[in-house]
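Below is one structure, written out as structure tokens; comments come after it.
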Amino acid sequence: MADAAILALNAGSSSVKFTLFAREGDAPRAICRGEIEDVGGAGRLHVKDAAGATLTDVAAADPMRDPDGALSALLDWTDRHLGSSTLACVGHRIVHGGRDFTAPVRIDATVMSALEALCPLAPLHQPHNLAGVRAVERARPGLPQTASFDTAFHAGHAPTVARFALPRRYEAEGVRRYGFHGISYDYLSHRLAALDPALAKGRVIAAHLGNGASLCALANGKSVDTTMGFSALDGLVMGTRCGAVDPGVLLYLQDHDGLDSKGVSDLLYKQSGLLGVSGLSADVRDLLASDKPEAKEALDLFAFRAARETAALTATLAGLDGLIFSAGIGENAAAVRAAICERLSWLGLTLDPTLNAKGGEARISTPDSRVAVWIVPTDEEAIIVRDALALLG
Ligand code: ADP
């Protein structure tokens, strides 16, 4: 596969994020990263090179009504950009692998039907991920495609960690805690092993704090517990998702508020979290800039719940040696990192305020802090391309 390129794709409900890699020897090198926005609407493609300079920022010539239009436009752009090099494979982020897909796979018709069957377990993500696979197949029939799963990194959880206290027949049906953001945690675990090998062998909690947010407890680099469960709703307060709520609230919403399952789903996935509590915005930047008390209350709740869940995972790990912040909020919001760490100071964790304010990939705790705190920018596409190369051989 000399001189070949690999496209790592993350196809969501209204956007497709991607990174194009050149394979050089055994090591892939990111050539450019980009996004197609407003899929289903006007459509806009923007791409930046590895140094962050804009290569393309254009409105689509025709409306991108569906993923087929978006992926076809992206693959055409990719071909033009690659010139004499050829696209050897598309690697996809697939949110749910269920119980069976505990490692990356090459996608074929049998795999696709098994993944389709998992759509009810991740209705807001899985159908869009799979629509991306089908769109690539239609645009480039026969082009190899691979899947990396957000659930797979958590597949080794002990039964006690994965089990709900429900009648056992539900567990047999697949109602159990799976965990998500595993591609990001896979990257963070490997990256920490390069940055601080001794710490990576210890008890570490990684915090992927983006629009979706979760924590993962890592023991010697392996996931042993996480805050998301059966769905990507559980655990922390998120941009528009509620995180853990008393299941009695769901009964109340149906019995007394007359919400059907679509109404409950919209409420929990799209109207809750930072947006619901602040009544203002799901974006931490807006909340930090606001002087409304509700904005501060939403940020306080976010930090409180993140600290509380960190303490819960510390119990799973029987102690804590390190904490990693990552994703949009974790990498960029120094004030949120400080608020979470302040609530964890009883663990002997002390941030260096100057290093925290500076940011970047760095250790940001004081030298005498009993828990080392790091910022590590995540790179899910690096894992998707690693998996694709391993599968293609
Ligand atoms: P996802 O990939 O889950 O869509 P990201 O990891 O890109 O999300 O995180 C997006 C969120 O990160 C934004 O909604 C915002 O709350 C937060 N964010 C991004 N940049 C900043 C910043 N400079 N300061 C504070 N928060 C930020």
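The residue that is surrounded by the most Cβ atoms within 10 Å (Cβ to Cβ), counting only those in region 13-34 that are within 25 Å of A122 (Cβ to Cβ) and not hydrophobic (A, V, I, L, M, F, W, C), is T19.
In region 213-242, how many are over 23 Å from L320 (Cα atoms) and either away from the ligand (no atom under 16 Å from the Cβ) or touching a helix residue (DSSP H, G or I) at 6+ places or on another chain (Cβ under 8 Å) (or both)? Let's see the steps before the verdict.
If we filter region 213-242 for residues that are over 23 Å from L320 (Cα atoms), which is where we start, we get 230-233, 238-242.
Subset that is either away from the ligand (no atom under 16 Å from the Cβ) or touching a helix residue (DSSP H, G or I) at 6+ places or on another chain (Cβ under 8 Å) (or both): 230-231, 233, 238-242.
Total satisfying the criteria: 8.
Residues in region 272-286 that are more than 14 Å from V245 (Cα to Cα) and more than 14 Å from the ligand (Cβ to nearest atom): G279 alone. A search for C-beta distances below 7 Å between a residue of region 310-333 that is of a type in the set (G, A, S) and any residue that is more than 16 Å from the ligand (Cβ to nearest atom), counting only pairs 6+ apart in sequence or on different chains, returns G319/R203; G322/L199; G322/G202; G322/V204; G322/V371; G322/A372; G322/W374. Residues that are of a type in the set (D, E) and in a helix (DSSP H, G or I) were ranked within region 291-305; the one that is farthest from L280 (Cα to Cα) is D300.
Could you go through region 369-381 and let me know if any residue there is of a type in the set (F, W, Y) and not in a strand (DSSP E or B). No; the residues of region 369-381 include none that is of a type in the set (F, W, Y) and not in a strand (DSSP E or B). If we keep just the residues of region 35-57 that are part of a strand (DSSP E or B) and touching a residue at least 24 places away in the same chain (Cβ under 8 Å), which is surrounded by the most Cβ atoms within 10 Å (Cβ to Cβ)? Within region 35-57, the match that is surrounded by the most Cβ atoms within 10 Å (Cβ to Cβ) is I36. Determine whether region 58-67 contains at least one residue that is over 22 Å from A382 (Cβ atoms), in contact with a strand residue (DSSP E or B) (Cβ under 8 Å, 6 or more places away or on another chain) and surrounded by fewer than 17 Cβ atoms within 10 Å (Cβ to Cβ). Checked region 58-67: at least one residue is over 22 Å from A382 (Cβ atoms), in contact with a strand residue (DSSP E or B) (Cβ under 8 Å, 6 or more places away or on another chain) and surrounded by fewer than 17 Cβ atoms within 10 Å (Cβ to Cβ).
Each value in this text was obtained by applying a stated rule to the coordinates, not by laboratory testing. In this text, all values refer to a predicted model and were calculated from it rather than measured experimentally. Cβ atoms come from the backbone with ideal geometry, glycine included; neighbour counts cover every protein chain shown.
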